[in-house]
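Worksheet: one structure, shown below.
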There are 2 protein chains.
Amino acid sequence: MVNFDFRNPTRIIFGKGTIAKLGPLVKEYQGSAVLLHFGGGSIKANGVYDAVKKSLSEAGIEAVELGGVKPNPRLSLVRKGIKICREKKVDFILAVGGGSVIDSAKAIGIGVPYEGDVWDFYADKAFPKKSLPVAVVLTIPAAGSESSLSSVITNDDGALKRFLDVDVIYPVFSILDPETTYSLPPYQTGCGISDMLVHVIERYCTRELNVDLTDRLCEAVMRTIIYNAPKVLENPRDYAARAEIMWAGAVAHNNSLSTGRIGDWASHMIEHELSGFNDIAHGAGLAVLVPNWMKYVYKHDPQRFVQFAVRVFNVEQNFHDPEETILRGIGALRNFFSSAGMPASLKEIGIEEKDFKAIAEKVKRSDPVKGTVGNFLPLTTLDILEILKLAK
Amino acid sequence: MVNFDFRNPTRIIFGKGTIAKLGPLVKEYQGSAVLLHFGGGSIKANGVYDAVKKSLSEAGIEAVELGGVKPNPRLSLVRKGIKICREKKVDFILAVGGGSVIDSAKAIGIGVPYEGDVWDFYADKAFPKKSLPVAVVLTIPAAGSESSLSSVITNDDGALKRFLDVDVIYPVFSILDPETTYSLPPYQTGCGISDMLVHVIERYCTRELNVDLTDRLCEAVMRTIIYNAPKVLENPRDYAARAEIMWAGAVAHNNSLSTGRIGDWASHMIEHELSGFNDIAHGAGLAVLVPNWMKYVYKHDPQRFVQFAVRVFNVEQNFHDPEETILRGIGALRNFFSSAGMPASLKEIGIEEKDFKAIAEKVKRSDPVKGTVGNFLPLTTLDILEILKLAK
């Protein structure tokens, strides 16, 4: 186990009917002028927008609205939000939606008190020291941004998708009402499930030994997602299963599962370029990449992937032939993604072999000195190309 | 799953050598005049006291010392600590030790800014609204107090042991260095293991259905404790296993495992009276009580105890006879406690049948209106008597 420094200050208010608590909560956190940030029409169609407005107005809180956040949220809208907040003297940002809306809200939150351009933070040119308070009403369980220190923004100019991990952007509170997810279409539900499962897989695939507790906690979250996914896909109004998926999605990315271990994250970094390139849903891109990443790297610690197969997917272990067990485990993961409606190849998501080189070169390196990405096996550009070919 | 409101703000600094970070951390949290609170001589014998003093003095921080905390920490010492803090204008409390020291420090923390007597909070006569910041250097993994909102204090007058759960007493940070636990004697190690395992069992034993994620997370923590216990008992200097036990002890009680479920806690409430009565180690009292509590209550939801047996102790399930599976599971728990050096009967810890009535009547009721304790099966005084008889 490696040394760690862990804290997650986000307060989670979970369960049916909890949006009614929003107004008093914003007041408790001293919000008076709120930016209400959201995406398209779905929150208006499913009643969440009305419930949010009702609770805010009953608490006497005025809100300036900024909708229009798109998947892979854009820097241009973030800049617009910062401008509005400054003009209207906004002191509290409320994200109503999924990961894209939350990430956009977090970027606005750190952008408002900063004198330079907010992209500096994502381009590693500056480090954010403060933020306006950001709170969340979550409607799409997937990204885990509701209790994470992460934000991912796409720069319209050059389709550069870049992430930021920093303590000051933990939301102050997040309201998670599973009923808000009843109206999610099956494909979006599947993308969310795929995204949250991969958040755990990225942490699980470590080269650290002696990570018994967090291995088992990761397995608990993965099994919960795998067990409940068919339930929500079959019956979108299954409250119990929607609740399990929603809470699992938050736990998957609140960093408690990272304690004492070094995760991989290469698949995330590669996927950012896929969706930056072709506006692919993040979860779909991950579902294509991860089984192929596994096939490419497993030989560097086969026993980790035996454990994954046996403990996560109940694969019957072949004690004399670990490779068989490993490949059955990867196959089970691939089948799970398919059952959640996810694509299995880059071709299906519109990425051709001719694009591979440009994508591989664009991937942000986690080790800029060595020029590699990922930790389980640090990948060079050539490694990334091989994985893309496996996934073609 | 029931609705919940969860937050755990405590920052965990974990790993070998982390005590050296103490001084700068206290400064980061604006501590300037520190009360250094501890127990007996163990921290002086194992070098922790010196490491703490060194880090504080290198950071230029003066500390007033108050040692002498005993297991089942006493109200009298808490009152003394409050007096010292007021006289010396202490603005930061540092607990160095295990659960008793931390609980005592928390009581001092809420007592200093309160005009009345601190026992008011434990006697449900007042509700604490603020606290001096409390930080921890943990040396005994057991109580989980290092990242919990709980404090248990014993009133010398009447041997009343009472607990308090309140948000303001979460420590601001806790340093967990597994090497500090190398010198713990086997019996104390066993008591700690027993205590943390029961913290999970209390949460696990719920009547709520549809608590899939937290069931699995609880099982992950229990299996980690059970797997690593023989390692630390056999080799007290096994860093990896000590680290697993130490982190598991914190996760067991940081309330993440309580989300969406209603735990039982009757065994804890009964045990408080055992140790209030005879100064028994909390973990030892729990080890005696819990298997007998299980035997008394399992018929009210047998499937929960089948799941416990199968998933936690790998009991081979008899699908036609759940009772056999349940009793094997309880037997496995009993054997585990024995392997950790814990007593199996009240007699072994000096409690005779003639004392049962007084103990049963003294147990604090979680439902004062109905006069019952616990949630899985609300126990009356007669139920408590029956459980004590099973445990005699």
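The values are calculated or read from the model by the stated rules, or taken from the named source; none is laboratory data. Given the structure is predicted, the values throughout are model-derived calculations rather than measurements. As a convention, Cβ positions derive from the backbone with ideal geometry for all residues, glycine included, and neighbour counts pool all protein chains shown.
Here is how the numbers come out for the structure above:
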quantity: Residue check for B:Ile108: in a strand (DSSP E or B), more than 14 Å from every other protein chain (Cβ to nearest Cβ) and either in contact (Cβ under 8 Å) with a residue 12 or more places away in the chain or more than 24 Å from B:Ile140 (Cβ to Cβ) (or both); calculated: no
quantity: Scan of the range A:123-142 for residues that are over 16 Å from A:Thr180 (Cα atoms) and either at pLDDT below 95 or among the polar types (S, T, N, Q) (or both), ordered by number; calculated: A:Ala123, A:Asp124, A:Ser131
quantity: Breaking point among (1) within 14 Å of chain A (Cβ to nearest Cβ); (2) in contact with a strand residue (DSSP E or B) (Cβ under 6 Å, 6 or more places away or on another chain); (3) over 27 Å from B:Asn8 (Cα atoms), for B:Val310; calculated: (2)
quantity: Count - residues of the range A:209-239 that are small (Gly, Ala, Ser) and facing chain B (nearest Cβ under 8 Å); calculated: 1
quantity: Residue match in the range A:96-103 (condition: touching a Leu at 6+ places or on another chain (Cβ under 6 Å) and among the β-branched types (Val, Ile, Thr)); calculated: no
quantity: Scan of the range A:220-247 for residues that are in contact (Cβ under 8 Å) with a residue 24 or more places away in the chain and surrounded by 22 or more Cβ atoms within 10 Å (Cβ to Cβ), ordered by number; calculated: A:Val221, A:Met222, A:Thr224, A:Ile225, A:Ala229, A:Val232, A:Arg242, A:Ala243, A:Ile245, A:Met246, A:Trp247
quantity: Test: residue in the range A:178-192 that is within 14 Å of chain B (Cβ to nearest Cβ) and surrounded by fewer than 24 Cβ atoms within 10 Å (Cβ to Cβ); calculated: yes
quantity: Qualifying residue in the range B:261-273 (condition: within 14 Å of chain A (Cβ to nearest Cβ) and either free of Cβ contacts under 8 Å to residues at least 40 places away in the same chain or within 30 Å of A:Val232 (Cα to Cα) (or both)); calculated: yes
quantity: Any chance A:Arg334 is away from chain B (no Cβ under 14 Å), surrounded by fewer than 23 Cβ atoms within 10 Å (Cβ to Cβ), over 30 Å from A:Phe4 (Cβ atoms) and of a type outside the set (A, V, I, L, M); calculated: yes
quantity: Residues located in the range B:65-86, provided they are of a type outside the set (S, T, N, Q) and farther than 16 Å from B:Gly97 by Cβ; calculated: B:Leu75, B:Arg79, B:Lys80, B:Ile82, B:Lys83, B:Ile84, B:Cys85, B:Arg86
quantity: The lone exception for A:Ala142 - which of (1) over 11 Å from the mean Cα position of the chain (by Cα); (2) under 23 Å from A:Ser366 (Cβ atoms); (3) part of a loop (DSSP other than H, G, I, E, B); (4) touching a residue at least 24 places away in the same chain (Cβ under 8 Å) it fails; calculated: (1)
quantity: Residue in the range A:106-120 that is surrounded by fewer than 24 Cβ atoms within 10 Å (Cβ to Cβ), assigned by TED's automatic domain parsing to the domain that holds A:Gly39 and modelled with pLDDT under 95 present; calculated: no
quantity: From A:Gly23, A:Gly109, A:Gly40, residue being more than 27 Å from B:Ser258 (Cα to Cα), of a type in the set (Gly, Ala, Ser) and touching a Leu at 6+ places or on another chain (Cβ under 7 Å); calculated: A:Gly109
quantity: The lone exception for B:Thr206 - which of (1) more than 10 Å from chain A (Cβ to nearest Cβ); (2) assigned to a helix (DSSP H, G or I); (3) among the β-branched types (Val, Ile, Thr) it fails; calculated: (2)
quantity: Pairs with Cβ under 7 Å, 6+ apart, first in the range B:323-335 and in the same structural domain as B:Cys205 (by TED's automatic domain parsing) and closer than 13 Å to B:Gln307 by Cα, second not β-branched (Val, Ile, Thr) and not in a helix (DSSP H, G or I); calculated: B:Glu324/B:Asn318; B:Thr325/B:Gln317; B:Thr325/B:Asn318
quantity: Residue satisfying all of: in the range A:258-271; surrounded by fewer than 24 Cβ atoms within 10 Å (Cβ to Cβ), of a type outside the set (S, T, N, Q) and touching a strand residue (DSSP E or B) at 6+ places or on another chain (Cβ under 7 Å); nearest to A:Leu75 (Cα to Cα) among these; calculated: A:Met269
quantity: Every residue from the range B:39-63 that is more than 21 Å from B:Asp91 (Cβ to Cβ) and acidic (Asp, Glu); calculated: B:Asp50
quantity: Filter result for A:Lys88 (within 26 Å of A:Ala159 (Cβ to Cβ), surrounded by fewer than 16 Cβ atoms within 10 Å (Cβ to Cβ) and of a type outside the set (A, V, I, L, M, F, W, C)); calculated: no
quantity: Residue in the range A:355-365 that is under 21 Å from A:Pro302 (Cβ atoms) and not assigned by TED's automatic domain parsing to the domain that holds A:Leu160 present; calculated: no
quantity: Residue count for the range B:34-69, restricted to those that are under 21 Å from B:Ser275 (Cβ atoms) and in contact (Cβ under 8 Å) with a residue 60 or more places away in the chain; calculated: 4
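For (1) buried (at least 16 other Cβ atoms within 10 Å of the Cβ); (2) among the aliphatic types (A, V, I, L, M), each residue gets a yes or a no:
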position	(1), (2)
A:Phe308	yes, no
A:Arg311	yes, no
A:Glu353	no, no
A:Ala360	yes, yes
A:Val369	no, yes
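Condition check ((1) away from chain B (no Cβ under 14 Å); (2) among the charged types (D, E, K, R)) across all residues:
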position: A:Asp5; (1), (2): no, yes
position: A:Thr10; (1), (2): no, no
position: A:Gly15; (1), (2): no, no
position: A:Gly23; (1), (2): yes, no
position: A:Gln30; (1), (2): yes, no
position: A:Ala33; (1), (2): yes, no
position: A:Gly40; (1), (2): yes, no
position: A:Ala45; (1), (2): yes, no
position: A:Asp50; (1), (2): yes, yes
